[in-house]
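The values are calculated or read from the model by the stated rules, or taken from the named source; none is laboratory data. Remember, predicted model here, so these are calculated numbers, not experimental data. Glycine also receives a Cβ, built like all others from the backbone with ideal geometry; neighbour counts cover every protein chain displayed.
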Ligand code: SF4
Ligand code: SF4
């Protein structure tokens, strides 16, 4: 899931700049789980904006704000409220914000900062495990991602700063490569420990990413 965090309220007010009325959009998926843009946060934002003197013309929590067709359809279902608003405040990740900006000519305001693709450890606790590098190495590295878990993203580690299994950038954190080494020792023929991983070719990573499934 996309882990996001609400921007400071003052920053959101700054972005509204000149509009006296706003429409609010949230997302039922990631932003709800992160408690940054679900029903509850939309309601809190509505209260805060009303107290600050803004008119909130309406709100909508979309089932996957990154789904562009659905966003267009749902906004049309609230056409008058959207028309009455000077700006739309979107409490969803950057992908969701852009679904909204593509569906309307209204000024679109991003109320969240999108942080990373996160695994959920438990409720309210998220950890980055993958950096979406475009060419996965996990089958060579014992299922531990060096691109993400190593502070330097080293592909053939560990670096010289590893100390007794701990990372030199954070003595509390394990060195990712110490963990990968331990994991690879389980490899029956040991070949993965001997192999060299060439530098990643980030030119292979499409940007902007596009994928169309074959029919
Ligand atoms: S190597 Fe790491 S960053 Fe790249 S796709 Fe695999 S898990 Fe994600
Ligand atoms: S100590 Fe380990 S995890 Fe930390 S930067 Fe060096 S190789 Fe990466």
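Quick notes on this structure:
- When residue 71 is tested against (1) within 26 Å of residue 206 (Cβ to Cβ); (2) over 19 Å from the mean Cα position of the chain (by Cα); (3) assigned to a helix (DSSP H, G or I), just one condition goes unmet, and that condition is (2).
- Among (1) crowded, with 18+ Cβ neighbours inside 10 Å; (2) under 20 Å from residue 42 (Cα atoms); (3) not assigned by TED's automatic domain parsing to the domain that holds residue 14 - the single one residue 124 does not satisfy: (1)
- Taken over the stretch 156-181, the criterion of being near ligand 2 (Cβ under 10 Å from one of its atoms) and either in a loop (DSSP other than H, G, I, E, B) or touching a helix residue (DSSP H, G or I) at 6+ places or on another chain (Cβ under 6 Å) (or both) is satisfied by 156, 157, 158, 159, 160, 161, 162, 165, 168, 169, 175, 176.
- Within the stretch 167-180, not a single residue is under 24 Å from the mean Cα position of the chain (by Cα), within 22 Å of residue 114 (Cα to Cα) and surrounded by 14 or more Cβ atoms within 10 Å (Cβ to Cβ).
- Counted residues, the stretch 126-155 - those being part of a loop (DSSP other than H, G, I, E, B), more than 9 Å from ligand 1 (Cβ to nearest atom) and touching a strand residue (DSSP E or B) at 6+ places or on another chain (Cβ under 7 Å): 1
- Condition check for residue 153: more than 27 Å from the chain's Cα centre (by Cα), at positive phi, modelled with pLDDT of 95 or more and within 11 Å of ligand 2 (Cβ to nearest atom): no
- Cβ-Cβ contacts under 8 Å between residues 6 or more apart (or on different chains), taken from a first residue in the stretch 144-158 that is more than 18 Å from residue 191 (Cα to Cα) to a second residue that is assigned to a helix (DSSP H, G or I) and near ligand 1 (Cβ under 10 Å from one of its atoms), are listed as 153/146; 153/147; 154/146.
- All conditions in (1) part of a loop (DSSP other than H, G, I, E, B); (2) over 17 Å from residue 82 (Cα atoms) hold for residue 47, with the sole exception of (1).
- Scanning the stretch 1-20 for any residue that is within 20 Å of residue 115 (Cα to Cα), in a loop (DSSP other than H, G, I, E, B), under 17 Å from the mean Cα position of the chain (by Cα) and touching a residue at least 40 places away in the same chain (Cβ under 8 Å) turns up at least one such residue.
- Meets criteria (farther than 11 Å from residue 26 by Cα, in contact with a helix residue (DSSP H, G or I) (Cβ under 8 Å, 6 or more places away or on another chain), in contact (Cβ under 8 Å) with a residue 24 or more places away in the chain and part of a strand (DSSP E or B)) for residue 56: yes
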